[in-house]
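The next block holds one structure in the form of structure tokens; read it before the comments.
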Amino acid sequence: MTSYESNEAPAGGTAPKWYTTNGWDGEDSPLTPGAAIALEIALDAGVDGLETMGTESDLFEALPERFARRYDDAFFERFIPALRQVYESAIAKPNQMVCTCTADEIALEVLVEMARNWALLAVELAAEAPEAFQLASPEDEASLLEFQSLLVADSDVLYLWNWEDDGIEDDEERMAITGIGDALKFDNWFVPFGEL
């Protein structure tokens, strides 16, 4: 297991072992090298952190808070494979929509949000040790957001993070009219969009 806990610039100007492109091929990727690294770190650190830190992990905290009581072992047995599949599909097909259900869209949002944090940290560390973080760039955050926009049809899933109990969620007709409906119900997160 790789340790991603240190947020200090490395001594001697060498990049930490976890800060590598691992074969990233920039020719076909809309991601900057630093963004690609951050996305991979987000996946690895998110899964590793969940195993070691549980509800205190970045992954747990990145999920929509309103459903936190529902995030149990059974949920993560389904969500972690979805997270990995979304990452692998997104890297393999960076210009195609890869989300087939709400859980996939949540996984992508969580990955990009955690990757943005890692990209920002790398830029900060590059200010202290530029030779160790040569691939870190202020453009990495924008690259991640652009990458995400290529992979999803809409941003309805963001409603899960910004949900307010204002009564609209109880008005099924209004939810159907706005297009925010069954797919965002927790019990339907893993149901393919075509089956709702």
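If you average the sequence gap of Cα pairs under 8 Å that are 6 or more apart and divide by the length of segment 28-155, what percent do you get for the contact order?
So the answer I get is 39 percent.
Classify segment 28-155 from the C-alpha gyration tensor, please: rounded if a/c falls under 1.5, else prolate or oblate depending on whether a/b exceeds b/c.
oblate
Taking the mean number of other Cβ atoms within 10 Å as a proxy for protection, how do you rank 31-39, 83-91, 55-63 from highest to lowest?
31-39, 83-91, 55-63
Taken together, the values in this text are just the output of simple stated rules run on the coordinates, not laboratory data. Keep in mind it's a predicted model, so treat the numbers as computed, not measured. Neighbour counts run over all protein chains shown; Cβ positions are idealised from the backbone, glycine included.
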